[in-house]
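Shown next, in structure tokens, is the structure this report addresses.
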Amino acid sequence: MINQKNMMCQHPQKGATLIVVLFLLLIIMVVGTFAIKMGVTSLGISTNAQINQLLSQSADTPLNKYLNTANLNNLVSYTSAVGAALDETGPNREFIFCYRPTNSRAFGLNSDSSVISAKAIGDDAQLVNSGVAGFCNIERDFGSARQAVVTQVAITIPKYKDETKKPGDNLARGVDLSGGNKLPENLISKDTIRVTTTAFLPAYANTALDTVQRNCLSSNKIYISDNLSEELNTKKTLKECLSDYNIPVVSQVQEFTLAAYIDQTEAP
């Protein structure tokens, strides 16, 4: 009888041990799940940061090409998109082209650009006496051999006074008005050139790419990139259209002041 009692007393101990083991396994599972969740969140944050960095660098590249332009005569020539934009008399016209560094053609040619303007009614834009040569093909026109980022460039010449700018913001490089100095007498003209770049990753679209192309960047439907002027600030932009399809996108804006001087080479 004594042996039987001892055997009966061992069963509750085994049950308690099993409960403890199960409890420990439950804790391990909870901690493991939490660790995995934190790891995925950290990975997502890291991935988003890398995407934003990649897009920012891609959007900056065309801006730097303009900033580092050595031959200004070519820049303001009508053969370039900038030169054609400077010659344009119509208001709120955008000269757009696709940044194709893998293409052998020169950067920013007028022949590779399209001219668009915002419609008076509606939030989209329309072509103005031009074709679709300036539209990026979002399935082919990548900015590098990695075949990931597409970059659309827009050139505008602001025709209005920007009330947000401070006196001297539009002075050309090297001009100093401190100490009562005046503007150079040989300064004959000054223009502001605004360049807007829109870099995006089409592979992340939540729909077919031909749908995105047709609804955001085609003769069927196109949107302006620059809505900074007062009369256009309610218009939808290309960046906003792409964002509607869950496409990561970064837009950068840079203004350049183009000053023209006249130099006397011979005495009168």
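The values are calculated or read from the model by the stated rules, or taken from the named source; none is laboratory data. All values reported here derive from a predicted model rather than from experimental measurement. Note that we place each Cβ from the backbone using ideal geometry, even for glycine, and neighbour counts take in every protein chain shown.
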Handout entry: Residues satisfying the stated conditions in region 193-223, i.e. crowded, with 20+ Cβ neighbours inside 10 Å and more than 19 Å from Ser58 (Cα to Cα)
Key = Val212, Cys216, Ile222, Tyr223
Practice task
Determine, yes or no, whether Glu231 is of a type outside the set (S, T, N, Q), at pLDDT below 95, surrounded by fewer than 16 Cβ atoms within 10 Å (Cβ to Cβ) and within 23 Å of Gly122 (Cβ to Cβ).
Solution key: yes
Practice task
Within region 140-155, track down each residue that is more than 16 Å from the chain's Cα centre (by Cα) and either closer than 21 Å to Ser251 by Cβ or at pLDDT below 90 (or both).
Solution key: Ala145, Arg146, Gln147
Problem - Among the residues listed as Leu63, Leu54, Leu67, the single one being exposed (fewer than 12 other Cβ atoms within 10 Å of the Cβ) and closer than 17 Å to Thr197 by Cβ - result: Leu67
